[in-house]
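Since the structure comes first, as structure tokens, the remarks are kept for the end.
Bear in mind that the values in this text are calculations on the coordinates, not laboratory data. Computed from a prediction, not measured in an experiment: that's the story for all the values here. As a convention, Cβ positions derive from the backbone with ideal geometry for all residues, glycine included, and neighbour counts pool all protein chains shown.
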Amino acid sequence: MTTPRDLLFVSLDVPGTRPVEQGDLSLALAGAELVDLLSAESVSLDGERILPGLVPATGDRLLDEAGASLVGEAPYETVEDWLWRRGRGL
């Protein structure tokens with residue numbers, strides 16, 4: 001999972017005017033996971049809803065957990081709901 005890892009390194013490496021808070025970073029990491037799932041074509045978006053697709057094992061524990069946490073039945077979860085739910089665990 002390169003996107004979340006890159007995001008984490010950037011947030012730790014670049015000094016800012018205010019520190020990055022845990023909640024902000026958790027949401028950003030969840031968003032990065034979603035970007036990686038979209039890139040792997042494991043999910044697609046239908047408006048604001050996340051539609052799960054084939055979620056093959058990637059060998060990356062966190063990305064596999066993210067794929068397994070998708071709501072697999074209609075009505076599918078919105079991006080906002082998924083980011084908040086997934087971000088709590090990061």
Would you kindly derive the ³J(HN,Hα) couplings of segment 46-62 from the backbone phi angles with the Karplus curve 6.51 cos²θ - 1.76 cosθ + 1.60 (θ = phi - 60°), listing them in order in whole Hz, with x for Gly and Pro?
10, x, 9, 9, 9, 9, x, x, 5, 10, x, 5, 9, x, 9, 4, 5
Using the charge dipole of segment 36-88 (Lys, Arg: +1 at Cβ; Asp, Glu: -1 at Cβ; taken about the Cα centre), state which of 51, 69, 38 has its Cα farthest towards the positive end.
69
Quick check: pseudo-label points 7 Å beyond the Cα along Cα→Cβ at residue 73 and residue 58, how many nm apart are they?
2.7
Cut-off under 5 Å, modelled amide H: who pairs with residue 77 long-range
50, 71
Which of the GluC sites (Glu not before Pro) found in segment 43-77 are loop residues per DSSP with 14 or fewer other Cβ atoms within 10 Å of their Cβ?
48, 73
Less than 12 Å Cβ to Cβ from residue 56, Lys/Arg counted +1 and Asp/Glu -1: what total charge do the surrounding residues give?
-3
For residue 45, list long-range residues whose amide hydrogen, built 1.01 Å from N in the peptide plane, is under 5 Å from its own amide hydrogen.
51
Mind listing the long-range amide H neighbours of residue 58? Cut-off is under 5 Å, sequence gap 5 or more, other chains count too, H placed in the peptide plane at 1.01 Å from N.
64
